[in-house]
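Engineer: First, the structure itself, so that you have it in front of you.
The values are calculated or read from the model by the stated rules, or taken from the named source; none is laboratory data. Everything quoted here is computed from the prediction, not taken from an experiment. Cβ coordinates were reconstructed from backbone atoms using ideal geometry, including for glycine residues, and neighbour counts include every protein chain displayed. Please note that ligands, DNA and RNA were not included when accessible areas were found on the heavy atoms of the full protein model with its side chains. Shrake-Rupley method; radii C 1.70, N 1.55, O 1.52, S 1.80 Å.
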Amino acid sequence: MTTLTARWFRCPRPAPHAAARLFCLPYAGAGAGVFHPWPAALAPVAEVHGVQLPGRENRIAEPAELDLLELAAALADAVASDARPYALYGHSLGARIAFELIRELRRDGKRLPDRLYVGAARAPHLAATSRFDGLSRLPDDELVARVVAGGGVPEVVAEEPELLELLLPALRADFTMLDDYVYQPEEPLPVPITAFSGTLDPSVSMEQTAAWEELTAAGFTLHRVEGGHFFLQDGEAELLALLSADLMTLGGA
């Protein structure tokens, strides 16, 4: 990757001999660090790249505001730059970004991923009904209170006011991105979608997750994973086992 695109990705455990690559996009307010355990867990099946958005972690000094479609365009060149099979995993907001990223790749005639994995995410063509919708229009204190009450911030962060204050610009930017998003109909993706739904997720129902099937013409699989909206942590072992088994098929292993 070039210096320009490398700042968008964190690959703490390069695995050039892995058969596939997995690009991981985080939930609202989070950075690539939420995927820190994944490279070791998925080795040697896949080389894991966490997508690092501005305004968080090692990019905390940068403005957090983003346009979803501009973000998809910025990531498009990098994800298709390697000849190996690759997949995208997006959690919550990350799933929406991953979806638009694939549509950007298709419009540009670039190589598409072999799989789209989406977790804890309402299908983007459905009407906004989540408790997380409209939060960007609220004052700071109400935004934080609603996100914490809705389980939109991990408990360890919710209990630390200083951490919440640091997280606020990224949270507001990400919820603005969601609130400003307008789904534009296009042909279903020629990419298989595997969706994961938390058994205890209060924000995204299994039916809303299952609706991703309408957005692919290449096959759909739905898994239930033990845990709430953050089952990538609550049910990490289960989720990673499912991902590892499927990623093995991408590289022809």
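Engineer: When 1/r is averaged over all different Cα pairs and the result inverted, which Kirkwood radius in Å belongs to region 73-119?
Structural biologist: Details: mean 1/r = 0.0945 Å⁻¹.
Hydrodynamic radius (Kirkwood, Cα only) of region 73-119 equals 10.6 Å.
Engineer: Please give the length that would be gained between LEU163 and ALA80 if that part of the chain were fully extended, namely 0.36 nm times their separation in residues minus their C-alpha to C-alpha distance (nm, one decimal). It would help to have the intermediate numbers written out before the result.
Structural biologist: Values: separation 83, 0.36 × 83 = 29.88 nm, distance 3.48 nm.
Net length gain for the segment: 26.4 nm.
Engineer: Next question, about the same structure. Given points 7 Å out from each Cα along the Cα-Cβ axis, report the ARG111 to ASP140 separation in nanometres with one decimal.
Structural biologist: Placing both labels 7 Å along Cα→Cβ, they lie 4.6 nm apart.
Engineer: Can you tell me which of 15-21, 47-53 comes out highest on packing, and rank the rest after it, using the mean Cβ neighbours within 10 Å? Present the calculation step by step, with values, prior to reporting the outcome.
Structural biologist: Values: 15-21: 17.4, 47-53: 25.1.
Ranked from most to least packed, the peptides come out as 47-53, 15-21.
Engineer: Something else: Would you work out if region 124-253 is rounded, prolate or oblate? Take a ≥ b ≥ c from the square roots of the eigenvalues of the alpha-carbon gyration tensor; rounded if a/c is under 1.5, else prolate when a/b is larger than b/c, oblate otherwise.
Structural biologist: oblate
Engineer: Simple spin-label model, 7 Å along Cα-to-Cβ: THR221 to ASP179 in nm?
Structural biologist: The modelled label-to-label distance comes out at 3.8 nm.
Engineer: Could you please report the charge total around PRO63, scoring K, R as +1 and D, E as -1 over all other residues with beta-carbon less than 15 angstrom from its beta-carbon? Write down the numbers at each step before the final one.
Structural biologist: Details: positive: ARG7, ARG56, ARG59, ARG172; negative: GLU57, GLU62, GLU65, ASP67, GLU70, ASP174.
Here the charged neighbours net out to -2.
Engineer: Determine the percent antiparallel among the DSSP beta bridges restricted to the chain, to the nearest 5. Write down the numbers at each step before the final one.
Structural biologist: Values: 2 of 28 bridges.
Rounded to the nearest five, the antiparallel share is 5 percent.
Engineer: Answer with a single label: of [x] 16.9, 51; [y] 17.8, 56; [z] 21.3, 73, which was calculated as Rg and Dmax of the Cα atoms in Å from the structure in view?
Structural biologist: [x]
Engineer: In what sequence, highest mean first, do 200-207, 134-141, 32-39 appear when ranked by Cβ atoms within 10 angstrom?
Structural biologist: Working: 200-207: 16.5, 134-141: 13.8, 32-39: 19.8.
Answer by packing, highest mean first, reads 32-39, 200-207, 134-141.
Engineer: Give me the distance in nm between label points sitting 7 Å out from Cα along the Cα-to-Cβ direction at GLU70 and GLU187, one decimal.
Structural biologist: 3.0 nm
Engineer: For region 138-253, with all protein chains present and a 1.4 Å probe, just round the carbon and sulfur fraction of the accessible area to a whole percent. It would help to have the intermediate numbers written out before the result.
Structural biologist: Numbers: 3220 of 5650 Å².
About 57 percent, which is the carbon plus sulfur part of the accessible surface.
Engineer: Let me ask another. What is the Cα radius of gyration of region 11-121 over 2.2 N^0.38 Å, N being its residue count? Please report the intermediate quantities before stating the final value.
Structural biologist: Numbers: Rg = 13.3 Å, N = 111, 2.2 N^0.38 = 13.2 Å.
So the Cα radius of gyration is 1.01 times the expected 2.2 N^0.38 Å.
Engineer: How far is helix 68-79 tilted, in degrees, relative to the longest principal axis of the Cα atoms in the chain, given as a value from 0 to 90 rounded to the nearest 10?
Structural biologist: So the inclination is approximately 30 degrees.
Engineer: What number in nm² do you get for region 1-64 if you take the convex hull of its Cα atoms and divide its surface by four?
Structural biologist: Details: hull surface 17.3 nm².
Taking a quarter of the hull surface, the average projection is 4.3 nm².
Engineer: Order the following by accessible area, largest value first: TRP8, TRP212. Probe radius 1.4 Å; ligands, DNA and RNA are ignored. Display every interim value, and only then the final one.
Structural biologist: On the way: TRP8 25, TRP212 0 Å².
Order by accessible area, largest first: TRP8, TRP212.
Engineer: Also, quick follow-up: Sorted by accessible area (1.4 Å probe), largest first, how do THR249, THR209 line up?
Structural biologist: On the way: THR249 85, THR209 0 Å².
Sorted by accessible area, descending: THR249, THR209.
Engineer: Over the chain, average the accessible area per residue using a 1.4 Å probe and give it in Å², no decimals.
Structural biologist: On the way: 10820 Å² over 253 residues.
Each residue of the chain exposes 43 Å² on average to a 1.4 Å probe.
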